[in-house]
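Reviewing the structure listed below.
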Amino acid sequence: ATPTAIMVASGTGASHGVLIKGGDALEKAHKVKTVVFDKTGTLTVGKPVVVSAVLFSKFSMVEFYDMATAVEANSEHPIAKAFVEHARKLHQQKFESHTKAVSEVMDFEVHLGAGVGGKVGDRKVLVGNKRLMHASNVPIRPEVERYISQNECRARTCVLVSIDGAVAGAFSVSDPVKPEAGRVISFLHSMGISSIMVTGDNRTTATAIADEVGILTVFAETDPLGKADKIKELQMKGMTVAMVGDGINDSPALAAADVGMAIGAGTDIAIEAADIVLIKSSLEDVITAIDLSRKTMFRIR
Ligand code: ADP
Ligand code: MG
């Protein structure tokens, strides 16, 4: 396309809340045959709520919440925010006081796409998925497995909390899909574009969400670099690939994709890594962007 055509298209995009960072993305977007969607915060609203919690150990409910909250309070992850909020509400209900001091955490660590950890007093606390527990040699007993599978097949994400190397409790969160998600995926299909889900979450939960929105191909339990590898694999098959994501964990994939699209409400790092920013955070604008590219490219031929 001519520089003028690109300038005009960028202006049109901007007026629709589709921020295009360069001519390159605009020129490639019309060739996109596959759109890879992140799950949490991209296909889903990204505001999970805690819907259940259980104890599996000698620790009291108060101790469990104290230690888990101490660690999660340091995380930016939407699951962490949901848990902290849930704990705050519980405390408020129970003690009718609004504020509870959160315990201090030492050696806070982030395991991208798996969870977080740290020391609370002299106890080592981990909050995250099964993969995190396996990596830290924390055994998962049958009763814990049962809680996990019961929740995952209902599209909920399960989070395990280990204290000193044993699972002390768990909670599950529910994060509804965005209202437009199914519509957008079926519209993309009608444009000859297939949709794929890639997520750090487990296979059962991911598949349940994919079913809700009409996505047939799911890559689950993928870490941030694994997400980028999936993009590269598709590209090696000769496909032009778009990636839509919102998190730090999506930034390598956003950078690897031919067209990286960041959700406007997402993290700064994702927005930086992307070629296109969907300011309104609506998935409809994935179509707007591709459409704009098609119109721009075909006008000059
Ligand atoms: P997605 O790819 O769906 O956006 P992430 O890669 O951010 O998901 O996270 C993958 C999984 O890692 C989550 O589903 C959750 O089980 C776990 N996880 C990551 N960070 C946290 C955290 N702060 N607290 C609890 N669980 C976490
Ligand atoms: Mg996400």
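Among the residues making up the range 212-263, those that are within 11 Å of ligand 1 (Cβ to nearest atom) and assigned to a loop (DSSP other than H, G, I, E, B) are A220, E221, T222, D223, D246, G247. Considering the conditions (1) surrounded by fewer than 16 Cβ atoms within 10 Å (Cβ to Cβ); (2) closer than 30 Å to K232 by Cβ; (3) more than 16 Å from ligand 1 (Cβ to nearest atom), A9 is excluded by exactly one of them, (1). The residues in the range 1-33 that are over 13 Å from D258 (Cα atoms), among the aliphatic types (A, V, I, L, M) and in a loop (DSSP other than H, G, I, E, B) can be counted, and the count is 1. Would you check if I279 is more than 22 Å from K33 (Cβ to Cβ), surrounded by fewer than 24 Cβ atoms within 10 Å (Cβ to Cβ) and within 16 Å of ligand 2 (Cβ to nearest atom)? Spelling it out, it is not the case that I279 is more than 22 Å from K33 (Cβ to Cβ), surrounded by fewer than 24 Cβ atoms within 10 Å (Cβ to Cβ) and within 16 Å of ligand 2 (Cβ to nearest atom).
Per the conditions (1) farther than 16 Å from V32 by Cβ; (2) surrounded by fewer than 23 Cβ atoms within 10 Å (Cβ to Cβ), the sole criterion not satisfied by S162 is (2).
Within the range 14-54, the set of residues being charged (D, E, K, R) and more than 14 Å from ligand 1 (Cβ to nearest atom) comprises K21, D24, E27, K28, K31, K33.
Which residue is farthest from ligand 2 (Cβ to nearest atom), if the candidates are limited to the range 100-120 and must be modelled with pLDDT of 95 or more and surrounded by fewer than 13 Cβ atoms within 10 Å (Cβ to Cβ)? Per the criteria, the residue is M106. Just so you know, in the range 159-208 the residues that are part of a loop (DSSP other than H, G, I, E, B) and either of a type in the set (S, T, Y) or without any contact (Cβ under 8 Å) to a residue 60 or more places away in the chain (or both) include one that is nearest to E233 (Cα to Cα), and it is T199.
Answer with yes or no whether E76 is within 16 Å of ligand 2 (Cβ to nearest atom) and loosely packed, with under 15 Cβ neighbours inside 10 Å.
Working: within 16 Å of ligand 2 (Cβ to nearest atom): yes; loosely packed, with under 15 Cβ neighbours inside 10 Å: yes.
So E76 passes the test.
When every residue of the range 34-46 is checked against the conditions, none turns out to be surrounded by fewer than 17 Cβ atoms within 10 Å (Cβ to Cβ), more than 16 Å from ligand 2 (Cβ to nearest atom) and either assigned to a helix (DSSP H, G or I) or not assigned by TED's automatic domain parsing to the domain that holds I140 (or both). Among the residues making up the range 264-301, those that are more than 15 Å from A1 (Cα to Cα) and assigned to a loop (DSSP other than H, G, I, E, B) are G264, A265, G266, T267, A274, D275, I279, K280, S281, S282, L283.
Residues are listed down the side, and each one gets a yes or a no for (1) touching a helix residue (DSSP H, G or I) at 6+ places or on another chain (Cβ under 8 Å); (2) of a type outside the set (A, V, I, L, M); (3) without any contact (Cβ under 8 Å) to a residue 40 or more places away in the chain; (4) under 24 Å from P224 (Cα atoms):
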position: Q92; (1), (2), (3), (4): no, yes, yes, no
position: G115; (1), (2), (3), (4): yes, yes, no, yes
position: K124; (1), (2), (3), (4): no, yes, no, no
position: N129; (1), (2), (3), (4): no, yes, no, yes
position: L132; (1), (2), (3), (4): no, no, yes, yes
position: N137; (1), (2), (3), (4): no, yes, yes, yes
position: I140; (1), (2), (3), (4): yes, no, yes, no
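Yes/no matrix, rows are residues, columns are (1) basic (K, R); (2) under 18 Å from the mean Cα position of the chain (by Cα):
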| residue | (1), (2) |
| --- | --- |
| T4 | no, no |
| A9 | no, no |
| K28 | yes, no |
| E76 | no, yes |
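The values are calculated or read from the model by the stated rules, or taken from the named source; none is laboratory data. In this text the structure is predicted, and so the values were computed from the model without any measurement. Positions of Cβ are generated from backbone atoms using ideal geometry, with glycine treated the same way; all protein chains shown enter the neighbour counts.
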